[in-house]
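Asker: Take a look at the following structure, please.
The values are calculated or read from the model by the stated rules, or taken from the named source; none is laboratory data. Computed from a predicted model, the values in this text were never measured in an experiment. Cβ sites come from the backbone with ideal geometry, for glycine too, and all protein chains shown count toward neighbours.
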């Protein structure tokens, strides 16, 4: 399978909640559209420090992270980020790797979006077509 990239929008989930509560207006939601690499081997959303700052995300703590090359380092994780793809969205905590070159869309985000990777066409598709159906 080749690499799969998708256009996604990342939004500060706290800002989204503040709009619902009437504290701020919708245009004030900090958000950014990015081209993300779909990485089923990554646990969650991975962003750079520059994207964390652009979204105004607070750091909640740190976690030890194991990389594909077997190196281990400590990385920050953030308050929730809304991940939007087509007409779907989910909220996840993001890992911050300061100088990462591209956003990684990991397994937890994919599950939350209820999508799977179509390796033949190198794209994401709904796990149940156009309808979001979750198994419990």
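Asker: Scan the range 102-136 for residues that are assigned to a loop (DSSP other than H, G, I, E, B) and either in contact (Cβ under 8 Å) with a residue 12 or more places away in the chain or crowded, with 16+ Cβ neighbours inside 10 Å (or both) and jot them down.
Answerer: Pass one, the range 102-136, residues assigned to a loop (DSSP other than H, G, I, E, B): 102, 106, 114, 119-122, 131-136.
Within the range 102-136, 102, 106, 114, 119, 122, 132, 133, 134 qualify.
Asker: Then there's this: Residues of the range 77-98 being more than 20 Å from residue 5 (Cβ to Cβ), surrounded by 13 or more Cβ atoms within 10 Å (Cβ to Cβ) and in contact with a helix residue (DSSP H, G or I) (Cβ under 8 Å, 6 or more places away or on another chain), which ones?
Answerer: Filtering the range 77-98 for residues more than 20 Å from residue 5 (Cβ to Cβ) gives 77-80, 91, 93, 96, 98.
With the extra rule that they be surrounded by 13 or more Cβ atoms within 10 Å (Cβ to Cβ), the set shrinks to 77-80, 91, 93, 96.
Matches in the range 77-98: 78, 79, 80, 91, 96.
Asker: Just checking, does the range 47-60 include any residue being in contact with a helix residue (DSSP H, G or I) (Cβ under 7 Å, 6 or more places away or on another chain), closer than 30 Å to residue 128 by Cβ and surrounded by 15 or more Cβ atoms within 10 Å (Cβ to Cβ)? It would help to see each step written out before you state the result.
Answerer: We begin by selecting, within the range 47-60, every residue in contact with a helix residue (DSSP H, G or I) (Cβ under 7 Å, 6 or more places away or on another chain); these are none.
No, there is no match, as no residue in the range 47-60 is in contact with a helix residue (DSSP H, G or I) (Cβ under 7 Å, 6 or more places away or on another chain), closer than 30 Å to residue 128 by Cβ and surrounded by 15 or more Cβ atoms within 10 Å (Cβ to Cβ).
Asker: Looking only at residues in the range 1-31 that are in a loop (DSSP other than H, G, I, E, B) and modelled with pLDDT under 95, which one is nearest to residue 53 (Cα to Cα)? Even if it seems obvious, please write down each step before you answer.
Answerer: Applying the first criterion (in a loop (DSSP other than H, G, I, E, B)) to the range 1-31 yields 1-3, 21-25, 29-30.
Remaining after also requiring modelled with pLDDT under 95: 1-3.
Values: 1: 33, 2: 31, 3: 27 Å.
In this case the residue turns out to be 3.
Asker: Would you say residue 28 is over 14 Å from residue 113 (Cβ atoms), without any contact (Cβ under 8 Å) to a residue 40 or more places away in the chain and surrounded by 15 or more Cβ atoms within 10 Å (Cβ to Cβ)? Step through it out loud before you land on a result.
Answerer: Values: over 14 Å from residue 113 (Cβ atoms): yes; without any contact (Cβ under 8 Å) to a residue 40 or more places away in the chain: yes; surrounded by 15 or more Cβ atoms within 10 Å (Cβ to Cβ): no.
Answer is no for this residue.
Asker: What number goes with the only condition from (1) touching a residue at least 12 places away in the same chain (Cβ under 8 Å); (2) more than 15 Å from residue 45 (Cα to Cα); (3) more than 15 Å from the chain's Cα centre (by Cα); (4) assigned to a strand (DSSP E or B) that residue 63 does not pass?
Answerer: Among (1) touching a residue at least 12 places away in the same chain (Cβ under 8 Å); (2) more than 15 Å from residue 45 (Cα to Cα); (3) more than 15 Å from the chain's Cα centre (by Cα); (4) assigned to a strand (DSSP E or B), residue 63 violates only (2).
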